[in-house]
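Rule-based calculations on the coordinates, nothing more; no lab input. A quick note: this is a predicted structure, and the numbers were derived from the prediction, not measured. Virtual Cβ from ideal backbone geometry, glycine too; neighbours counted across all protein chains shown.
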Amino acid sequence: MCKEVKGLKIWKLSMSIVNKIQFNIQHSAFIIVLSLLVFCGCGYKPSSYYTKQVLGDKIYAKVLIDINDPENSVLIKDAINEAIVSRFKSKIAKKRDLSNTELIVKFNSKSFTPIAYDKDGYVIAYKTKVSLNISYIDKFGKKGNMDVQGSYDFPIEANSVISDTKRFEAIKFASYKALSEFISKMSVKGMENVNKDK
C-alpha cells in the first residue's frame, strides 16, 4: 500500500512537471510567432538590404598598397572580402566591369596604444586603431569618399612585445570594424533612397 501511495505521488509530480514543460514550450512558441509577426508586420529589413540599395549585389574592391607596410594592405583586403560576403551579403567581383560598385580602400594610419598595466607597470593590453579612406562609385554611378575608423583591444603577456601574429590579427579586426562603420553609413544612404522612392 505504501509503495502504491509513493508511486501515485511520483506520478502526480511527474505529470505536473510535464504539464509545466508543455506550457513553457507552448508559451515559447507563442512568443516566437508573435515576435516574427511584429518584425514582419512593421516592415523590418536588415541593414544589408538597405546597403544593397546603394551598392548592389556585386562589389569590386581594390586596396591601394602602402609601400612602407604592404602586409597591412593584404590584411585589409581580407577584411574587405569578408565584410562584402558576411555584412553586405553581396558577391565579390573579380573585375570592375562585372560589378555594380567599386570600392577603393586606402590605409591611412594605425596606432597601438597601451590601455592596461599589471601591478609592476608592464603593459598587458593594447588598443589598435585603424583609419581607412574609402572611395566608392555606387550602382547609380555616384562617387563618394569616406574616412572610417575601427579599433580592437587585445591582451599580451606582461613584459613582452607585440608578436606579429597579434599585430596582424589586431589590424585585421580593427579594419573589419572600420568597414562596419562604412556599411552603417551606406545603409543609412540606402534607407534614404528607399524613402525617397515612396
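Tell me the net charge near Ile124. Cut-off is 12 Å between Cβ atoms, Ile124 excluded, with +1 for each Lys or Arg and -1 for each Asp or Glu.
Cβ neighbours under 12 Å give a net charge of -3.
Each of Val188 and Lys89 was given a label point 7 Å from its Cα along the Cα-to-Cβ line. The distance between the two points is 2.1 nm. Under a Cβ-Cβ cut-off of 14 Å, what is the net charge of the residues other than Asn159 that fall near it, where Lys and Arg count +1 and Asp and Glu count -1? Around Asn159, the charge tally is -2. Of all DSSP-defined beta bridges confined to the stretch 47-197, some 75% are antiparallel rather than parallel. Spin-label model, Asn133/Thr165: points 7 Å from Cα along the beta carbon direction are separated by 3.5 nm. Give the distance, in whole Å, between the Cα centre of the stretch 55-92 and the Cα centre of the stretch 99-131. Each part reduced to its Cα centre gives a spacing of 18 Å. Extension gain, Ser151-Asn81: 0.36 nm per intervening residue step, less the Cα-Cα distance, totals 23.3 nm. The Cβ shell under 13 Å around Lys45 holds other residues with a net charge of +2, Lys and Arg each +1, Asp and Glu each -1.
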